[in-house]
1. If contacts are Cα pairs under 8 angstrom and at least 6 residues apart, what is the relative contact order of the chain in percent?
2. Rounded to the nearest 20 debye, what is the charge dipole size of segment 154-243 about its Cα centre when +1 sits on each Lys and Arg Cβ and -1 on each Asp and Glu Cβ?
3. Ordered by packing density, taken as the mean number of other Cβ atoms within 10 Å over each peptide's residues, highest first, how do 293-303, 171-181 rank?
4. Tell me the net charge near R330. Cut-off is 14 Å between Cβ atoms, R330 excluded, with +1 for each Lys or Arg and -1 for each Asp or Glu.
5. State, as an integer percentage, the relative contact order of segment 253-339 based on alpha-carbon contacts under 8 Å between residues 6 or more apart.
6. Treating the Cα atoms of segment 94-196 as identical point scatterers in vacuum, please give the log10 of the normalised Debye intensity I(q)/I(0) at q = 0.12, 0.16, 0.18, 0.21 Å⁻¹, two decimals.
7. Distance between the C-alpha centers of segment 219-267 and segment 64-94? Whole Å please.
8. Based on the mean of other Cβ atoms within 10 Å per residue, sort peptides 156-164, 132-140 so the most packed one is first.
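The values are calculated or read from the model by the stated rules, or taken from the named source; none is laboratory data. Keep in mind the model is a prediction, meaning the values are calculated, not measured. With ideal geometry, Cβ positions are generated from the backbone for all residues, glycine too; neighbour counts draw on all protein chains shown. The area values use the complete protein model at the heavy-atom level, side chains included, leaving out ligands, DNA and RNA. Shrake-Rupley method; radii C 1.70, N 1.55, O 1.52, S 1.80 Å.
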Amino acid sequence: MGLVILGDIMLGRNQAPLIEKYGITKILSGLKEIIGKRKIIANLECPLINIKNINKYNFSKLFGNEILAKQLSDNGFVALSLANNHIFDFGIDGLVNTQSILKKYSIKYFGAGLNKSASIKPAIIELDSYLVGLLGFSFTNPAEQKKPGVAFLYDDTVDVAIKRLKNEVDFLIVMPHSGIELYQYPLKRDQEIYKKMVELGADLIVGSQSHCIQAMETYLNKNIYYSTGDLLFDHFHEDTKSDFSSDLSHAKKFSIKPNFSLTQYSLLINIDILNGDLVVQHHPVCNKDGYNPTVLSSVKKKIWMKEFALTNYNLKHSVIIDKERSSIERKLMQDLKNRGVL
């Protein structure tokens, strides 16, 4: 038995009617052959709450019905990262309710908590007599000593958490959540931090946030996936496309021409332990309509893998992409300063 990490899952908004109609079991049926008996892990891009208590909500605030926790459990989800920019969309109550309902259905969680210590508490999965530790970090709502939040990506939290956990598990997987939406390359500062995670002892980095697959690379013989894209999200809906093109969107702020076809793809990461080593493979998944994710056929996969290889090559060798990444990062830092974040 192994593990599988799926792309981000968002269970609300325009995705919710599809889940209600088809159910998680049917939606994931096209992936079952690849997943097999592996335990499933993902980033949960929304709090789980009792929807009956909500009269109105902002489009940018994401949530899923808490009853879906049972469906996730029934379909093999054993741990979910809460380290993202939407887990506090409904405040502390939303986080607490999410943790409570996940615990009820024996799904472990990590990456956010009622204080800094709780936010870096790992999920630990037993796999073939080995212990696999899971940590998550993100860029917003940082947890403090007496303040709820996520495990923060940009202070000493990463160092503290990895050093504390590394000697308690056989393998360590880190799931950071950061980056530019609809952009296929990581921020330079994130690239440095993710490599540092490996230097500190992480065996695998599986990132998210960009709503598309980003480049990956191998560093010190460890795989770094900068973003695996979204498995379940309402990118198919015109409201979401409009949101990604608005004046407040990353596309507008950083002069990125949005390519919505990128949002249809995610990576499925298979993880096995063979002869004491962590063996990692990735499979491209397409979910065009929001309810039918399937692994690409051999012909389409071959074409996709060539494109992915070019993206990975450009990350290391393209002068044009390097300048583009630097420009985006400068604009981002200025934007953060203007908003008083820095």
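1. Numbers: 733 pairs, mean separation 54.1, N = 342.
It rounds to 16 percent for the chain.
2. Details: 9 positive and 16 negative charges, 89 e Å.
Once rounded to the nearest 20, the dipole reads 420 debye.
3. Values: 293-303: 13.2, 171-181: 26.0.
My ranking of the peptides, most packed first, is 171-181, 293-303.
4. Numbers: positive: K188, R189, K253, K323, R325, K331, K337; negative: D322, E324, E329, D335.
Overall, the nearby charge balance is +3.
5. Numbers: 57 pairs, mean separation 17.4, N = 87.
That works out to 20 percent.
6. -0.43, -0.75, -0.92, -1.14
7. Using only Cα atoms, the two centres lie 21 Å from each other.
8. Details: 156-164: 16.8, 132-140: 26.1.
Those peptides, ordered most packed to least, come out 132-140, 156-164.
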